1. Mind listing the long-range amide H neighbours of L35? Cut-off is under 5 Å, sequence gap 5 or more, other chains count too, H placed in the peptide plane at 1.01 Å from N.
2. Using the number of other C-beta atoms within 10 angstrom as an exposure proxy, rank S27, S117, S108, S67 with the fewest first.
3. Measuring from the lowest to the highest alpha carbon on each principal axis, how far does the chain reach, largest first, in angstroms?
4. ³J(HN,Hα) across the range 89-96 via Karplus (A = 6.51, B = -1.76, C = 1.60, θ = phi - 60°), whole Hz, x for Gly/Pro?
Amino acid sequence: MERTFLAIKPDGVQRALIGEIISRLESKGFTLVGLKLVKVSRELAEKHYDVHKERPFFPGLVDFITSGPVVAMVWEGDGVIASARKIIGATNPLNAEPGTIRGDFGVSVGRNLIHGSDAPETATREISLWFKDEELVNWQPTI
Ligand code: CMP
């Protein structure tokens, strides 16, 4: 079964949107198999955002993601990587459709509330960066 990594960023936590965000993914029918509140180290932040390390916004991105608690999650389900990206909305909340998380709650690309893996390889890499195997729970809904 496909899995993806999602992280509610410090702005989502500060704005008390944890429940709202989790609810949207639960309501859709995806299964939460990993969940923890993390104070992100600079080392983890720099590894997670390695692909952006040459971008001018990289230092600010690392400062921000390490500034407060992050909710790290692994979600499971058929097509969950692409579907979660749709539920999250466009990277810049000003371009995100109403009805998406960023479209409904965000106005700034640097404060876009949540990160979601963009492809299967990224999901595998990010899940293993943020979670140990034993922190993930293998279960299937029975209803
Ligand atoms: P995320 O999905 O976490 O992946 C990389 C992040 O970089 C992205 O969300 C944005 O929060 C951030 N980002 C992308 N472009 C910019 C930008 N031009 N200025 C500041 N932050 C950006």
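Just so you know, all these numbers are worked out from the coordinates, no wet-lab data involved. Keep in mind that what you see is a predicted model, and the values were worked out from it rather than measured. We place every Cβ from the backbone using ideal geometry, glycine too, and count neighbours over all the protein chains shown.
1. V74
2. Details: S27 9, S117 23, S108 12, S67 15.
Ranked by crowding around the Cβ, least crowded first: S27, S108, S67, S117.
3. For the chain, the Cα spread along each principal axis is 46, 34, 26 Å.
4. x, 4, 3, 8, x, 5, 9, 7
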